[in-house]
Amino acid sequence: MPSVQAPGLAAGSRPAGSRINRWLGHRAAKPVGFVLALLPFAWLVWAAFANQLGANPAEALIRSLGDWTIRFLVLVLAITPLRTVTGWVALARLRRMVGLFVFFYACLHLLAYAWFDMEFSVPAIVDDVIKRPFILVGFLGWLLLLVLAATSFNRAIRAMGAQRWQLLHRAVYAIAGLAVLHFFWMRSGKNDFAEVGVYAGLFSALLGWRLWRWLSKPRAA
């Protein structure tokens, strides 16, 4: 793969950047990334069977899957800034896969809630969505993720056109806001907002970087 250097990087940093781009561009990069992204799920499955999830394993499983959903959401939003700042352009190859893992963990989070909390009772789930705002917000976030996952493939891009597709996939910013609000309301019962503040800060920084880039672009007269 040809050497790529990001603008503004020192000349001495070029070999390291080129090497990382070669690694990321290697055909094994996606399978390795896929396996790494599955490790949290594999650990949770093992912990559940080995009785390592604490006194309330159902709650621990639901919350852990929610935590991994929001972590992968941070990761997918961090790819573009990291690629731009470091010059690791081959990171773009992994963005779709990471985005689909956000949806994967969100589906598992919803499945665990429907199974352990609601026992797959559709009326009970509907009633819970209506009565509890943080469940409603989380469900809305999942619906948006469903739309993005369903349109994440090349055929959808061709059918919609690149501009409309990009506009639709900016819904990821709304998903980030819904995720933080869902997490905030969930933790408000225990008055524990430390982790909420961390994720809110990360999302604010990542979205603020995008806003700064957009505002700094030259505008046509």
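The values are calculated or read from the model by the stated rules, or taken from the named source; none is laboratory data. Note that the structure is predicted; figures quoted are calculated from it, not measured. Reconstructed Cβ throughout: ideal geometry from the backbone, glycine too, with neighbour counts over all protein chains shown. Accessible surface areas use protein heavy atoms only, side chains included; no ligands, DNA or RNA. Shrake-Rupley method; radii C 1.70, N 1.55, O 1.52, S 1.80 Å.
Some notes on this structure:
- Residue identified as under 22 Å from residue 204 (Cα atoms) and at pLDDT 95 or above among 83, 71: 71
- In the range 202-221, residue most open to solvent (accessible area, probe 1.4 Å) [restricted to those that are more than 17 Å from residue 82 (Cβ to Cβ) and small (Gly, Ala, Ser)]: 221
- Among (1) closer than 21 Å to residue 59 by Cβ; (2) surrounded by fewer than 16 Cβ atoms within 10 Å (Cβ to Cβ), the one test that residue 107 misses: (2)
- Candidates 11, 28, 42: the one that is exposed (fewer than 13 other Cβ atoms within 10 Å of the Cβ) and modelled with pLDDT under 90 is 11.
- Residue count for the range 187-219, restricted to those that are closer than 22 Å to residue 59 by Cα, among the aliphatic types (A, V, I, L, M) and in contact (Cβ under 8 Å) with a residue 12 or more places away in the chain: 1
- Residue within the range 174-192 that is open to solvent by 70 Å² or more (accessible area, probe 1.4 Å) and closer than 18 Å to residue 102 by Cβ present: no
- Residue 65 vs. criteria assigned to a helix (DSSP H, G or I), modelled with pLDDT of 95 or more and open to solvent by 40 Å² or more (accessible area, probe 1.4 Å): no
- From the list 20, 70, the one residue that fits, being touching a residue at least 60 places away in the same chain (Cβ under 8 Å), open to solvent by 20 Å² or more (accessible area, probe 1.4 Å) and assigned to a helix (DSSP H, G or I), is 20.
- Residue within the range 45-54 that is polar (S, T, N, Q), more than 30 Å from residue 19 (Cβ to Cβ), in contact with a helix residue (DSSP H, G or I) (Cβ under 8 Å, 6 or more places away or on another chain) and surrounded by fewer than 16 Cβ atoms within 10 Å (Cβ to Cβ) present: yes
- Filtered residue count, the range 128-178, keeping only those that are among the polar types (S, T, N, Q) and either within 15 Å of the chain's Cα centre (by Cα) or modelled with pLDDT of 95 or more (or both): 2
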